[in-house]
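Comments concern the structure below.
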Amino acid sequence: MSTLSREESKKRVWRVCGILALVTIVEIAAALIHYNYMEDSPKTFLNILFIILSAGKAYYIMSEFMHLKYELKPMVISVLAPFLFLIWGVIAFLWEGKYWLSMKQFWDVLN
Amino acid sequence: MEAAVSTTNAKELWSGGDSPFKVSYGKIMMWYFLISDTFTFAGLLISYGAIRSSQPKHDETNPLSWPDPNHVFNAGPGFHHAPLVFVTFMTFTLILSSVTMVRAVQEGHYMNRAGVLKWMALTILGGLVFVLSQAWEWTHLIHEGMTPSSNPFGAYSFGALFFLITGFHGFHVSVGVLLNSWAFIQTYRGVFDRRGHYEMIEKLGLYWHFVDLVWVYVFLAFYLF
């Protein structure tokens with residue numbers, strides 16, 4: 001359990017709620033601005049922004065709501081370390097998907 | 001000498017009867033379950049990424065290209081042509097029900113039964129609203145002709161993956177609502193007061209926040225990208 005007082009921890013929860021709501025609004029606003037005013041421009045920059053903002057939301061949910069920030073360090077490491085595999089997983093399978101697309105285009109089997 | 005002392009300490013710490021992580025058995029098992037569940041969801045979302053990147057990018061003229069989420073998700077109960085509005089409502093519902101869950105856990109620490117009941121009731125309500133919203137969205141999309149094997153908006157694998165992944169997430173939310181309702185009844189009956197702690201609420205809290213965490217990534221994959 002954290003050393004925060006009852007009032008402090010209450011206030012902190014509502015602050016994190018505000019941050020999560022704000023980040024969600026920013027994401028939706030960015031998506032809608034892109035859709036309404038600049039649909040023809042590539043979405044690469046926007047997608048990078050979405051990944052960063054989602055990682056921020058995940059950080060706040062895990063550290064504050066799931067209380068991970070207040071656990072002992074070995075506990076935090078044993079929970080987070082397995083997720084390193086996912087970085088490999090995402091890169092490897094997106095790469096594979098792209099290759100798959102180029103094969104389909106090469107053999108002209110898209111339609 | 002010093003080395004000998006530290007080995008004894010380490011041995012004592014890991015030889016049973018003590019929790020090296022200072023986390024109770026039940027909570028650590030919930031964490032380990034959630035790690036394994038993360039890999040299940042990650043497997044589904046990574047397949048989504050692989051299949052999506054093997055399809056042509058969104059293109060109005062190609063009916064087999066990947067659909068634009070702004071075209072697919074543009075309706076809610078009683079309104080049309082409003083992209084992403086309904087899913088924003090669903091996301092806020094889930095965030096708010098996560099917040100009320102934390103408040104229930106906090107009141108549990110102070111053995112405040114009335115407080116736990118109040119915040120748990122709001123959490124269950126939030127979960128129910130989310131599941132019902134998802135049911136509405138599914139019904140709407142099925143009426144539009146999107147099923148696991150057909151999709152009027154573009155590549156049919158979009159529909160298949162959408163129903164698989166949001167369905168698996170919705171299943172988790174439904175299980176969470178059932179478990180939270182059970183804990184609400186137990187709290188009402190004073191079981192946790194007699195037990196002397198509200199750890200059950202903490203464990204369910206971990207599960208509920210995990211469901212919220214997964215939604216962040218489902219939302220990212222289907223509605224934002």
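The values are calculated or read from the model by the stated rules, or taken from the named source; none is laboratory data. Model, not experiment: these values are computed from the prediction. Note that each Cβ is placed from the backbone with ideal geometry, even for glycine, and that neighbours are counted across all protein chains shown.
Filter the stretch B:211-225 for residues that are more than 7 Å from every other protein chain (Cβ to nearest Cβ) and among the hydroxyl-bearing types (Ser, Thr, Tyr) and give the result.
Matches in the stretch B:211-225: B:Tyr223 only.
With the structure loaded, tell me whether A:Ile48 is within 19 Å of the chain's Cα centre (by Cα), part of a helix (DSSP H, G or I) and more than 7 Å from chain B (Cβ to nearest Cβ) or whether it fails that test.
yes
Looking at the stretch A:64-77, is at least one residue within 23 Å of B:Val85 (Cα to Cα) and of a type in the set (Asp, Glu)?
No, the stretch A:64-77 has no match at all.
Looking at the stretch B:56-72, which of its residues are more than 7 Å from every other protein chain (Cβ to nearest Cβ), surrounded by 17 or more Cβ atoms within 10 Å (Cβ to Cβ) and assigned to a helix (DSSP H, G or I)?
If the condition is that a residue be more than 7 Å from every other protein chain (Cβ to nearest Cβ), surrounded by 17 or more Cβ atoms within 10 Å (Cβ to Cβ) and assigned to a helix (DSSP H, G or I), then B:Pro69, B:Val72 are the ones that fit.
What number goes with the only condition from (1) acidic (Asp, Glu); (2) away from chain A (no Cβ under 14 Å); (3) touching a residue at least 12 places away in the same chain (Cβ under 8 Å) that B:Glu144 does not pass?
Failing condition for B:Glu144: (3).
Tell me, please, whether a residue that is in a helix (DSSP H, G or I), over 16 Å from the mean Cα position of the chain (by Cα) and within 7 Å of chain A (Cβ to nearest Cβ) can be found in the stretch B:24-37.
No - not one qualifying residue is present in the stretch B:24-37.
Determine whether B:Tyr198 is in contact with a helix residue (DSSP H, G or I) (Cβ under 9 Å, 6 or more places away or on another chain), crowded, with 16+ Cβ neighbours inside 10 Å, under 24 Å from A:Ser54 (Cα atoms) and at pLDDT 95 or above.
Taking the combined requirement at face value, the residue does not satisfy it.
Going residue by residue through the stretch A:55-65, is there one that turns out to be assigned by TED's automatic domain parsing to the domain that holds A:Lys10, touching a Ser or Thr at 6+ places or on another chain (Cβ under 8 Å) and farther than 20 Å from B:Val23 by Cα?
Scanning the stretch A:55-65, I find at least one residue that is assigned by TED's automatic domain parsing to the domain that holds A:Lys10, touching a Ser or Thr at 6+ places or on another chain (Cβ under 8 Å) and farther than 20 Å from B:Val23 by Cα, so the answer is yes.
Which pairs do you get when a residue that is without any contact (Cβ under 8 Å) to a residue 40 or more places away in the chain and in a helix (DSSP H, G or I), found in the stretch A:91-105, comes within reach of a residue that is among the aliphatic types (A, V, I, L, M) and loosely packed, with under 13 Cβ neighbours inside 10 Å, reach meaning Cβ atoms under 6 angstrom, with the pair 6+ apart or on two chains?
Hits for this filter: A:Lys104/A:Leu110.
Examine the stretch B:115-133 for a residue that is among the hydrophobic types (A, V, I, L, M, F, W, C), in a helix (DSSP H, G or I), without any contact (Cβ under 8 Å) to a residue 24 or more places away in the chain and surrounded by 18 or more Cβ atoms within 10 Å (Cβ to Cβ), and state whether such a residue exists.
yes
Would you mind telling me which numbered condition in (1) within 21 Å of B:Gly159 (Cβ to Cβ); (2) more than 8 Å from every other protein chain (Cβ to nearest Cβ); (3) over 23 Å from the mean Cα position of the chain (by Cα) B:Ser53 fails?
(2)
Looking only at the stretch A:1-34, which residues are outside any loop (DSSP other than H, G, I, E, B) and of a type in the set (Ser, Thr, Tyr)?
Correct list: A:Ser9, A:Thr24.
For the stretch A:3-17, name all the residues that are exposed (fewer than 13 other Cβ atoms within 10 Å of the Cβ) and within 10 Å of another protein chain (Cβ to nearest Cβ).
Correct list: A:Arg6, A:Trp14.
For the list (1) of a type in the set (Lys, Arg); (2) more than 8 Å from chain B (Cβ to nearest Cβ); (3) in contact with a Leu (Cβ under 9 Å, 6 or more places away or on another chain), I need the number of the one condition that A:Lys69 fails.
(3)
Scan B:Ala75, B:Ala50 and give me the residue that is in contact with a Leu (Cβ under 7 Å, 6 or more places away or on another chain) and surrounded by 18 or more Cβ atoms within 10 Å (Cβ to Cβ).
That would be B:Ala50, the only listed residue that is in contact with a Leu (Cβ under 7 Å, 6 or more places away or on another chain) and surrounded by 18 or more Cβ atoms within 10 Å (Cβ to Cβ).
For the stretch A:57-67, indicate whether the set of residues that are surrounded by fewer than 11 Cβ atoms within 10 Å (Cβ to Cβ) and either touching a residue at least 60 places away in the same chain (Cβ under 8 Å) or not in a helix (DSSP H, G or I) (or both) is non-empty. Steps first, answer last, please.
From the stretch A:57-67, those surrounded by fewer than 11 Cβ atoms within 10 Å (Cβ to Cβ) are none; that's our starting set.
For the stretch A:57-67, residues surrounded by fewer than 11 Cβ atoms within 10 Å (Cβ to Cβ) and either touching a residue at least 60 places away in the same chain (Cβ under 8 Å) or not in a helix (DSSP H, G or I) (or both): absent.
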